[in-house]
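Notes follow once the structure below has been shown.
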Amino acid sequence: MGDTADSDLSAGETHGAADEDADPVLCPVCSTPYDSVSLHDRGLLVNLLDNERYRRVCFEPVERDGRPHVRFFHHTHEQVGADD
Ligand SMILES: [Zn+2]
């Protein structure tokens, strides 16, 4: 057979610029779905003791334009569950 290994890479794949800012589906820290994500380049205060919407926030250090940032993954009570 004259079959060439023809991997069809161009089949409907959107091939935009490499997007490092693309948010992951799951939190990279605890592998749990999250409600929102935010990026910070300086310190800030987080107090979730009495937060009705979010149960916890995970922090992931990242680099943007050569500068250190921290990415916050906000988890709601439903996403985290009661026993975590
Ligand atoms: Zn998390």
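Observations on the structure shown:
- Residue list for region 45-64, restricted to those being assigned to a strand (DSSP E or B), aliphatic (A, V, I, L, M) and more than 12 Å from the ligand (Cβ to nearest atom): VAL62
- Apart from one condition, SER31 fits all of (1) at pLDDT 95 or above; (2) among the polar types (S, T, N, Q); (3) surrounded by 14 or more Cβ atoms within 10 Å (Cβ to Cβ); the exception is (3).
- Looking only at region 34-44, residues that are free of Cβ contacts under 8 Å to residues at least 40 places away in the same chain and either surrounded by 14 or more Cβ atoms within 10 Å (Cβ to Cβ) or assigned to a strand (DSSP E or B) (or both) come to 5 in all.
- Cβ-Cβ contacts under 8 Å between residues 6 or more apart (or on different chains), taken from a first residue in region 54-81 that is free of Cβ contacts under 8 Å to residues at least 24 places away in the same chain to a second residue that is polar (S, T, N, Q) and surrounded by fewer than 17 Cβ atoms within 10 Å (Cβ to Cβ), are listed as TYR54/THR76.
- Scanning region 47-84 for residues that are surrounded by 15 or more Cβ atoms within 10 Å (Cβ to Cβ) and among the aromatic types (Phe, Trp, Tyr) yields TYR54, PHE72, PHE73.
- Some residue of region 65-84 being modelled with pLDDT of 90 or more, away from the ligand (no atom under 16 Å from the Cβ), touching a strand residue (DSSP E or B) at 6+ places or on another chain (Cβ under 7 Å) and part of a strand (DSSP E or B): yes
The values are calculated or read from the model by the stated rules, or taken from the named source; none is laboratory data. From a predicted model like this one, the values you see are computed outputs, not experimental measurements. FYI the Cβ positions are ideal-geometry reconstructions off the backbone, even for glycines, and counts take in every protein chain you see.
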